[in-house]
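The values are calculated or read from the model by the stated rules, or taken from the named source; none is laboratory data. None of these values were measured; they are calculated from a predicted model. Note: ideal-geometry Cβ built from the backbone for every residue, glycine included; neighbour counts use all protein chains shown.
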Amino acid sequence: MTDLRLKTDSAKKWRTTYLAWGLLLPSVAFLSVFTLYPIGYSAYMSLFKNNMSTFATGPQYIGLKNYVDLFTRDAVFSKAFTNNLIIAAVTVPLSIALAVAMAIFANRVKAGKGAVRVSFFYPTLLPMVAVANIWLFIYTPMYGLLGSFNPNWRFLDNVNTVLQAMIVMLVWKQAGYVMIFYIAGLQNINQELYEAARIDGANAGQMFRRITWPLLRPTTIYVTIITLTNAYKMVDHLYIMTKGGPDNASNMLLFYVYQKAFDQSNTGVASAVTVILIAILLIATSVHFFTQDRRTFYA
Amino acid sequence: MTTAARSEKTGSVSRWTFGRVMAYLFMYLLAALCAIPLVWLVRTAFIPEAFALDLFGLHWPTLNNFARVWNAAPWGAYYLNTLLIVLGVLASQFVTITLAGYAFARLDFHLKNTLFVLFLTQIMIAADVLILPNYKTISSFGLSNTLLGAMLPFFASAMGTFLMRQTIKTIPYELEEAAKIDGSSLMGTLVRIYLPLLVPTFIAHGLIAASYQWNNFLWPLIVINSVAKRPLTVGLAIFAQSYETGAQWSDVCSATFLVVAPLMLLFLVFQKRFIESFAYSGIK
């Protein structure tokens, strides 16, 4: 009797399974071809020497040599790798700090509330190529918005300042996006906590440190992942502003993939850099997806 | 009892301390600073070319820059291509995310967790990172230099699927059961019962996906080779490249304005919807 029940339950689950798989088929097909397969294919291609010199003979298997070369003798790669680290290390905390200030202000301010939100958020909706055109204008020596103040300001031509100039632009571009998650986070905080703190004589700074910031922790973890991965994804502006220069001072890993693959036709090295980027993104995001209490995000 | 003390009690008004006033001033200043790039873009696009480098003067607006720019590149084709890409991706995603979202929300099936991780992978590894292998795939399909090739990698959306799953979970199951008793098929139930209730989610996801596709650059730059098939972003980049740095700011700003104006106008009109949709995307 029980066996029969189990059998029908199992048969029923398989019927549901076929239905579910059918419903998922279109998505799974596209995800397999354009997300899963390319990960494996990049890993495979990264094991071959495949550039202009092997054009006649075909790709040549060289094991992990592409990776070894990248880390030991490729100056452009180490430059791009370091730049990406610096951009991540600076833009993540800076965007978050600004975003928290923007969110608290946008929540409380009475006069010009809508205008303030629009002003903070609109950069999110601009394409990076448009952003690049605008900021190229801002940074142009002599004639630009900043450049006109001091003819010696040549931010984009100088290897020491180009990365800083890019970081200012990237933070401006994404802080408003991060802000909206904090606005949502702030609205979930029980206002009675502040009432109680006020009665106890707490000042604004204490209330922020003891109530606001700790209760925004789930939001902070989430936006850290977003800004961290953004630091590796946002490269379109380089195509317009600097092409990674001067002397690769503003180059980034994803732009280096583009240069290697599509300017220099070096598929082997470009694949190896792709795999390194995949690894960085997987590590950065899996910390969030697999160690964090999922209820925080999926509740 | 002082006013300050009374307001502390009601909690509605805080005291205007010196620090608070300074913080407010600073934040207003920051908001103004953030707006400057857009204001300058619009200003330079609309003032006569001769004054483009006069950064602070006042001048009568003109449409001459647009007339010149419009004739210098096939913007009409660029607009059409971008629109086709946006609509194609949205149409396909609406189907794929509804079906997948329903399966994840309502059905208990084998390999559910494994498949869930496959969807997560798409969120973890952005499509931009996979440009090289995906270009090889699109080429092997014979789809390089086609709009379909520019759209195809985006036909499934993990983010949209999770958004759908979340919304469907909030819809009472009794509605579906009632329809089933009336003899409705699964597709009939999806269309008649669920679709009307999912409209807000379609709008939220649609705004995000449309913004993403409207602004996407690196992938179409690689896939599309012919001028006539370029989307706006690629057209704009190539147009801006044709000038030397520092020259022709009127033209570059007008062209940039052409590309960003539709999305900016939509945003100004449906401000709240945009911000809510983007915030919603964070809570998967």
Exactly one condition in (1) at pLDDT 95 or above; (2) crowded, with 20+ Cβ neighbours inside 10 Å; (3) part of a helix (DSSP H, G or I) is not met by residue A:251; state its number. (3)
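Here is a yes/no grid of residues against (1) out of contact with any Asp or Glu (no Cβ under 8 Å at 6 or more places or on another chain); (2) more than 30 Å from residue B:250 (Cα to Cα); (3) touching a residue at least 12 places away in the same chain (Cβ under 8 Å):
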site	(1), (2), (3)
A:127	no, no, yes
A:148	yes, no, no
A:156	yes, no, yes
A:161	yes, no, no
A:190	yes, yes, no
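State whether the residues of segment B:156-167 include one that is at negative phi and more than 13 Å from every other protein chain (Cβ to nearest Cβ). Explain how you work it out, then say what you get.
Step one: list which residues in segment B:156-167 are at negative phi, which gives B:156-167.
From what is left, the residues that are more than 13 Å from every other protein chain (Cβ to nearest Cβ) are B:167.
Yes, some residue in segment B:156-167 is at negative phi and more than 13 Å from every other protein chain (Cβ to nearest Cβ).
Here's a check for you: in segment B:57-87, which residue that is aromatic (Phe, Trp, Tyr) and under 20 Å from residue B:221 (Cβ atoms) is surrounded by the fewest Cβ atoms within 10 Å (Cβ to Cβ)? Outline the logic, then answer.
To start, the set of residues in segment B:57-87 that are aromatic (Phe, Trp, Tyr) comprises B:60, B:66, B:70, B:75, B:78-79.
When the remaining residues are screened for being under 20 Å from residue B:221 (Cβ atoms), the result is B:75, B:78-79.
Values: B:75: 19, B:78: 25, B:79: 16.
Out of the qualifying residues, it is B:79.
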When (1) assigned to a loop (DSSP other than H, G, I, E, B); (2) within 10 Å of chain B (Cβ to nearest Cβ) are applied to residue A:278, the one that fails is (1)
Take the conditions in contact (Cβ under 8 Å) with a residue 40 or more places away in the chain and within 21 Å of residue A:219 (Cα to Cα) and apply them to residue A:70. Does it pass? no
Go through the residues of segment A:211-231 one by one and say whether even a single one is in contact (Cβ under 8 Å) with a residue 12 or more places away in the chain and among the basic types (Lys, Arg). no
Suppose the filter is at the interface with another protein chain (Cβ under 7 Å from one of its Cβ atoms) and either among the polar types (S, T, N, Q) or part of a helix (DSSP H, G or I) (or both); does residue B:82 pass it? no
Look at segment B:160-175 and say how many of its residues are surrounded by fewer than 24 Cβ atoms within 10 Å (Cβ to Cβ), of a type in the set (S, T, N, Q) and touching a Phe, Trp or Tyr at 6+ places or on another chain (Cβ under 7 Å). 0
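Hey, can you tell me all the residues within segment A:167-198 that are out of contact with any helix residue (DSSP H, G or I) (no Cβ under 7 Å at 6 or more places or on another chain) and either within 22 Å of residue A:93 (Cβ to Cβ) or crowded, with 18+ Cβ neighbours inside 10 Å (or both)?
We begin by selecting, within segment A:167-198, every residue out of contact with any helix residue (DSSP H, G or I) (no Cβ under 7 Å at 6 or more places or on another chain); these are A:168, A:187-188, A:190-192, A:195-196.
Scanning segment A:167-198 gives a single hit, A:168.
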Residues to consider are A:90, A:100; find the one that is more than 24 Å from residue B:215 (Cα to Cα), under 21 Å from the mean Cα position of the chain (by Cα) and crowded, with 23+ Cβ neighbours inside 10 Å. A:100
For residue A:20: the one exception among (1) out of contact with any Phe, Trp or Tyr (no Cβ under 6 Å at 6 or more places or on another chain); (2) small (Gly, Ala, Ser); (3) facing chain B (nearest Cβ under 10 Å): (1)
Report yes if some residue within segment B:119-128 is within 11 Å of chain A (Cβ to nearest Cβ), touching a residue at least 24 places away in the same chain (Cβ under 8 Å), aromatic (Phe, Trp, Tyr) and under 22 Å from residue A:229 (Cβ atoms); otherwise report no. yes
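Among the helices (runs of 4 or more DSSP H) contained in segment A:109-225, which hold 2 or more residues that are over 22 Å from residue A:247 (Cβ atoms) and within 7 Å of another protein chain (Cβ to nearest Cβ)? Walk me through how you get there before you give the answer.
Numbers: elements: A:113-121, A:128-139, A:162-187, A:191-199, A:204-207.
Ranges flagged: A:113-121, A:128-139, A:162-187, A:191-199.
Hey, among the residues in segment A:229-267 that are of a type in the set (S, T, N, Q) and closer than 21 Å to residue A:154 by Cα, which one's farthest from the other protein chains (Cβ to nearest Cβ)? Break it down stepwise before answering.
Here is the first cut: in segment A:229-267, the ones of a type in the set (S, T, N, Q) are A:229-230, A:242, A:248, A:250-251, A:259, A:264-267.
Right, trim to closer than 21 Å to residue A:154 by Cα and you get A:242, A:248, A:250-251.
Details: A:242: 10, A:248: 19, A:250: 15, A:251: 15 Å.
Restricting to residues being of a type in the set (S, T, N, Q) and closer than 21 Å to residue A:154 by Cα, the top hit is A:248.
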Quick test for you: out of B:188, B:149, B:142, B:183, pick the one residue that is more than 8 Å from chain A (Cβ to nearest Cβ) and surrounded by 15 or more Cβ atoms within 10 Å (Cβ to Cβ). B:149
If residue A:86 passes every condition in (1) under 30 Å from residue A:221 (Cα atoms); (2) not assigned by TED's automatic domain parsing to the domain that holds residue A:230 but one, which one does it miss? (2)
Counting only residues that are under 23 Å from residue A:102 (Cα atoms) and small (Gly, Ala, Ser), segment A:115-172 contains a total of 3
Report yes if residue A:38 is in contact with a Gly (Cβ under 6 Å, 6 or more places away or on another chain) and within 14 Å of chain B (Cβ to nearest Cβ), otherwise no. no
